[in-house]
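Here's the structure, in structure tokens; my notes come after.
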Amino acid sequence: MTQGISVRRPVHGIQTGFHRSPHHGASIEFAEYRAYTPGDPISRIDWPVYARTDKYLIRQCYEETNLRATILLDTSASLAFRDVGPMTKMEYGCFLAAGLMFMLVNQRDTVSLMAFDAKMTKGFSPAGTSEGIRPMLEYLETIQPAGCGDIEAAIHEAANRIESKGLVVIISDFLQHADKILRGIRHLHHDGHNIVVFHVMDRGERKLSFGGVADLRDLETNARLILDVDEVREAYEVAVARHQETLRAVCADCLASYHLIETTQPVHTVLSRLGSS
Amino acid sequence: MWGIVPANSVFLWMLPLAGFPILFHLFLRVRKQVRPFPSLMFFLQAEPRLSARKRIREWLALLLRMLLIACLLLALSRPLWLGHGAGGPVSQVLLIDNSGSMSGSAPDGRDKLASALDAVSALIGDMGPRDTLAIVLLVDDLAAPIPEGLTQDKEALRASLGRIKGTHATGQPAAALAHAFSLLGTASTARREVHIITDAQDTEWARAPRDFLLPPAGTAITLHRIKTRPFENPNVSLGEVELPRRTLVAGRHYRAMVTLNNLSKQEAHVRVNSTDSGGQKQSQAEDIPPQNSRILSVPFETHASGSGWLTVDLENDAFEPDNHSCVTFVCAPGKKVLFCGPESDFGVVPLAVSPSGDGTLSGLVPVFKPVTTPLATVPGEAPVMVVLKGMTLFTQKTEALRLKTYLEQGGNVLILPGVAGVSEPQTVPSWVRIRFGKRVADEKGLPLMVLNKAEAVWDDLRNESGDVMLAPTRVFKALPVETTEEAIPLLSLQNGTPILARQRVLKGSLFVSGVDLDARSSTLPLKAAFVALIHGMALSGNNPTEGATTRVAGQRPSNLNDAEYLIRAMTGGVLEWRGPGRKAPVLARAGLYSVQTSNTTTCVAVRSAVDEGREVFLETDAVPALTGLNAGVDEYQDGDSLVGLVKRQRSGIDLFLPFLLLALLAALAEGWIVNPAALQIRKEPVKP
């Protein structure tokens, strides 16, 4: 069984591929019948149907095209966090993006990479070959998480840049108010894109691994908060879970695929699951 | 008295320990760990009030811990809330101030001791059937026997009150309180009281005790202060009687000195009465300026050898207990003066020693012996003075040693210049620090002057201003003496050359005169003062009070051992005590007492405590003599108000249990605040 990344909504491709296009074309997948009109090649008339119905009908099939995927990778400072997992969220996101690129290229799709924090910081042209994605891979190796993130703004900017309907993969820790994130994802949805969301978290973010009085420093804003962790642990975990559920619901509304990933999970497992879904 | 009285006040001193939780909080607080975190948004969403609540909880926990410690300490101090509650049987000790000052007047005109006895009588009347009571006197008084220990016998207690009279002594509050506490220590009742009824004169109560007294647990101490009415007339106190500083010989007249102190701001007109051991009485009036003192000369006569005494009393002043003084002394029989050589060698000295020749008038008998071994040839008692002509005798080692021993034992030696033309020997022992110098002579006579006027030799010649009343005297020929620092010149020429000097040799005195005491050498023997000078030299060096005892009222007789003694009052009221010397009672009143053992009898003179007449009383609630004790001070009004006050005090609540419960509550509350989850009841999961 071959594994690959599939999409729910038709995409605009530039060459024949494995994904459904909104246009009719030559394929084995029947779409509809239409009446013959002068000018149509006679060879396209479905003669068995004419024999039964005495009407000239032309059989139409779906066109299959390739996928144009865009990976939006969050590089804000919060991605530098590592507590329980074997690597930082940034490293994990890079591995995930690279894996996706290989998968897409292998199924003859094209892929491009956009890095962002509060805005787009780097963008690459789509590439459909292993050689074509090399610059993106090299860039992934050099990324240093920095800056304050603004996911909504970054998504809006990306949506404006992506011309044709395709696949948008967002890899981020989504540390922003869910309502703002919702507006960004809806924008993408409105533009007709297929959306895949990878919510990367360290397990220590979900379940606090420390206790007692702590002087917490925000990695992005450098804000400071002194509190007794044991006292707020429960409320914190509830707030995190609520945030995840909100994101999951938002993604479901936008037909987006939501994946909550902990950095402890092997990347290939995640990709494998994605390919078989 | 209202308020809270702790039984163990030492725990109250530990109350600052309640601040330890704050110190621990400040100095031992948990260090914060700095942690980078992706975002604080979820913490801020959680519950912003949690931190504030946590902080409030911390401070509440701190306060509760402090409350817990404070309550425990307060509970351990066994506080008693006076005035609220009901009590059981009571053991009380009534400490009555019977010192001299209590003979003064209270504002109602009665003496303060009478008011104190009224107060005690009221408290005895208020005794419950199960209450016990003891009376302790500030000055132990043999004349006022009181029931021993705590008793329920009201009649015996009342009867003892009638025997309590004022004394002439200063009390010892520390000793009396220690006695009171020891009595209460034997009590089985939970409630113990000490009531001190006094005028709070600062003589007794302004001195802090040397050692802190520890009362039995739960003892309430109250000082009931009786106010004092100021004296309307001047008060004069009588000081110590000072006898002449010489051997007193029987059958002679002497004068003692006594000091009168006028403590008031008015001139005092008093009369001083004296009685000697022969029963001879003297009386003289004296005016003393305000806040001034006067030394008065009191004549007395020594009628017979042995113990003698002189009592001096004062009258016509406002306060009687400090008006008595007396002294005892030992009176010697007739004494011999040994002249070494024929009578003609000594000029008029033998005549000055005894005008009658047999000691009838002077008590001194001249005895003439050969020069060779004078001391060895005198039978019976040693002479009071040896008179030598020159220092020849000192050249004989045996005689020199004998003379030295004689001097060291209290004898006196007078050396006159040697025979004319005979130079002084150079072999005089080194302990003799006076030497004869070169002869001087003047036909018209060289004037003499007196040196060292404070010397005892001049006592009989000294007037009130301290001058020696010696008429102008001249010397025609003399051997001036040379002295060292150990010798004291008594007479000298105008140029300061000593003529008469004294050297102290342990108890005795060596007098060396550079002038022959006859009319050819000087005019001194022609003066009336000459006799007094010779007698002063012959009798000097002995303390007449040696062997006799003079004490101040409130003190015990001194030098008593474990032998059985009998103490009797020789003057005043009947008083007799018998027992071992170490348990001898204090002598509370001025007067004469005989102290007898199986083979000796001595006389003890007791004089008044002069400070009892001071009109200085503690007015504040701080009483230094009660330092370290939790004592209240109350102004005494009358017996009824005193009883009412005591009843209020007795209805106190022991706050031990409330404070303990409060501590327990504080502990529970602290536990709940610090760890609320541990106290919550866990809900059992519902089984499907």
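Read the figures in this text as sums done on the coordinates, not as results from a lab. As the structure is a prediction and not an experimental result, all values here were calculated from the model. Neighbour counts are summed over all protein chains in view; Cβ atoms, including those assigned to glycine, are modelled from backbone coordinates with ideal geometry.
Take the Cβ atoms of B:S121 and B:H303, set R0 to 35 Å, and the FRET efficiency comes out at 0.15.
With both bridge residues required to lie in the protein assembly as shown, what share of the DSSP beta bridges run antiparallel, to the nearest 5%?
That works out to approximately 55 percent antiparallel.
Straight-line cross-link reach from B:K165 at under 12 Å between alpha-carbon atoms covers these aspartates and glutamates, not counting any fewer than eight positions away in the same chain: B:D97, B:D111, B:D140, B:D141.
If R₀ is 41 angstrom, what is the calculated FRET efficiency for the pair A:F30 and A:K122, using the beta carbon separation as r and rounding to 0.05? Could you put the intermediate results ahead of the total?
Working: r = 43 Å, r/R0 = 1.06.
According to the calculation, E is roughly 0.40.
Modelled label positions at B:E485 and B:L214, each set 7 Å beyond Cα in the direction of Cβ, lie 5.3 nm from each other.
The residues neighbouring B:A220, those whose beta-carbon lies less than 10 Å from its own, together hold a net charge of +2 under the Lys/Arg +1, Asp/Glu -1 convention.
Classify segment B:337-539 from the C-alpha gyration tensor, please: rounded if a/c falls under 1.5, else prolate or oblate depending on whether a/b exceeds b/c.
Numbers: a/c = 1.39, a/b = 1.18, b/c = 1.18.
In terms of gyration-tensor shape, rounded.
Taking every DSSP beta bridge that has both ends in segment B:337-539, the antiparallel portion is near 60%. Set Lys and Arg Cβ to +1 and Asp and Glu Cβ to -1, take the dipole of the protein assembly as shown about its Cα centre, and tell me which of B:I221, B:W309, B:A667 lies farthest positive. Working it through, the farthest residue towards the positive pole turns out to be B:A667.
Charges at C-beta only: +1 for Lys and Arg, -1 for Asp and Glu. How large is the resulting dipole of segment A:68-276 about its Cα centre, in Debye rounded to 20? Walk me through the numbers before you get to the answer.
Values: 21 positive and 28 negative charges, 129 e Å.
So the magnitude is around 620 debye.
Partner chain Cβ atoms within 10 Å, averaged over the residues of A:210-221 - can you pull that number for me? Display every interim value, and only then the final one.
Numbers: counts 3, 1, 4, 6, 6, 5, 9, 5, 8, 5, 3, 3.
Counting other chains' Cβ atoms within 10 Å and averaging over A:210-221 gives 5.
For the ranges B:637-649, A:101-113, what's the packing order if you count other beta-carbon atoms within 10 Å of each residue, average per peptide, and put the highest first? If you can, show how the numbers build up before the last one.
Numbers: B:637-649: 16.3, A:101-113: 21.2.
Output ranking for B:637-649, A:101-113: A:101-113, B:637-649.
Counts of other chain beta carbons within 10 angstrom of each beta carbon in peptide A:231-240 average 5.
Compute the relative contact order of segment B:337-539 as a whole-number percentage, counting only Cα pairs closer than 8 Å that sit 6 or more residues apart in sequence. Mind dumping the intermediate values first?
Values: 426 pairs, mean separation 46.9, N = 203.
Across segment B:337-539, relative contact order equals 23 percent.
Spin-label model, B:V643/B:Q494: points 7 Å from Cα along the beta carbon direction are separated by 8.7 nm. In chain A, the ratio of gyration radius to Kirkwood radius, Rg to Rh, stands at 1.10 when only Cα atoms are counted.
Which order results if B:F394, B:F339 are arranged by neighbouring Cβ count within 10 Å, fewest first? Before the final figure, lay out the partial values.
Working: B:F394 22, B:F339 26.
Final ranking by Cβ density, sparse to dense: B:F394, B:F339.
Grab the beta carbon distance between B:R229 and B:D153, set R0 = 35 Å, and tell me the FRET efficiency rounded to 0.05. List each step's numbers first, then the result.
Values: r = 35 Å, r/R0 = 0.99.
My answer for the efficiency is 0.50.
In chain B, helical runs assigned H by DSSP with n ≥ 4 each contribute -39500 (n - 2.57); averaged across all residues and rounded to the nearest 500, the mean residue ellipticity at 222 nm is -6500 deg cm²/dmol. Among residues other than B:V270 with Cβ under 9 Å from its Cβ, the summed charge is -3 (Lys and Arg +1, Asp and Glu -1). Ranked for footprinting exposure by Cβ neighbours inside 10 Å, fewest first, B:S121, A:S172, B:S651 give B:S651, B:S121, A:S172. Once you have a ≥ b ≥ c as the square roots of the Cα gyration tensor eigenvalues for the protein assembly as shown, tell me rounded if a/c is under 1.5, and otherwise prolate or oblate according to whether a/b is larger than b/c. Prolate shape, in that a/c is at least 1.5 and a/b is the bigger ratio.
Partner aspartates and glutamates whose Cα lies under 17 Å from the Cα of B:K477, excluding those fewer than 8 positions away in the same chain, are identified as B:D345, B:E424, B:D442, B:E443, B:D516, B:D518.
Entry note, chain B: relative contact order of 18 percent, from Cα contacts under 8 Å with a spacing of 6+ residues.
Where does each of A:R217, B:R252 land when they are ranked from fewest to most other beta-carbon atoms within 10 angstrom? Walk me through the intermediate numbers first.
Details: A:R217 15, B:R252 18.
Placing the least packed residue first, the sequence is A:R217, B:R252.
Over all directions, the projected convex hull of the C-alpha atoms in chain B averages 53.6 nm² in area. Label-to-label distance for B:R53 and A:A249 is 2.5 nm, based on points extended 7 Å past Cα in the beta-carbon direction.
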